[in-house]
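What follows is calculated from the coordinates using simple rules that are stated; it is not laboratory data. Because the structure is a prediction, the values reported are computed rather than measured. Here the Cβ is made from the backbone with ideal geometry for all residues, glycine too, and neighbour counts use every protein chain on show.
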Amino acid sequence: MIGIDSELESVISGCLNNNRLSQKQLYERFAPRLFVVCRRYANSTAEAEDMLMEGFMNVFKNLHTFKGDSSFFSWIYSVMVNSAISHYRSVRRFRQEFFQEDMDMEPYGNVEEEVVARLSAGQVIELLEQMPGIPRVVFNLREIEGYSFEEIAEKLGKNEGAIRMAHVRAKKWLRSKLDESKS
């Protein structure tokens with residue numbers, strides 16, 4: 001299998017047999033890196049911890065689907081992103097928040113693409129922690145995870161136009177924060 005050493009293969013095998021020690025070892029090995037993923041989608045550390053726990057429950061539940069076609073980290077990372085999105089949707093009542101934002105927002109016009117390029121990775125993470133919910137999720141999926149607008153719309157159950165507008169909002173929000181920091 002791609003990206004699996006014999007120790008990890010043994011841990012995965014134990015997890016498949018519901019061995020609690022193996023589950024703990026898998027958690028301890030990957031939780032720190034995956035927590036960072038969850039933190040990008042969460043409003044707080046506590047919410048990120050909830051996302052991480054839900055994500056690992058999904059990992060253990062779906063571990064039998066890992067076939068080794070990609071690295072194990074790629075697979076577990078994907079499970080965690082999908083779990084974070086599911087958590088976000090259920091906790092935030094995504095649909096209601098999205099439509100309310102659409103009614104409250106004025107059109108933005110053109111937003112320059114280089115707004116994202118002007119940020120360091122540390123600045124992006126720091127700003128993402130402050131960004132409003134819907135635009136943050138879309139920005140994460142588009143700019144950090146690399147999903148297309150069509151894929152994001154499908155994942156979130158929204159139309160592509162609404163996703164594009166949320167992406168514009170995210171970039172406009174980032175621009176305003178950058179402008180504030182220059183002052």
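Relative contact order of segment 1-70: 42 percent, from C-alpha pairs under 8 Å at least 6 residues apart in sequence.
Scattering from segment 34-96 was approximated by placing one identical point on each alpha carbon and applying the Debye formula without solvent; log10 I(q)/I(0) at 0.12, 0.26, 0.27 1/Å stands at -0.29, -1.04, -1.09. When the listed pairs Lys67/Lys171; Lys61/Lys155; Lys67/Lys158 are checked against a 28 Å cut-off, the alpha-carbon distance exceeds it for Lys67/Lys171; Lys67/Lys158.
Among Met80, Met165, Met53, a tally of other beta-carbon atoms within 10 Å of each Cβ gives an order, fewest to most, of Met53, Met165, Met80.
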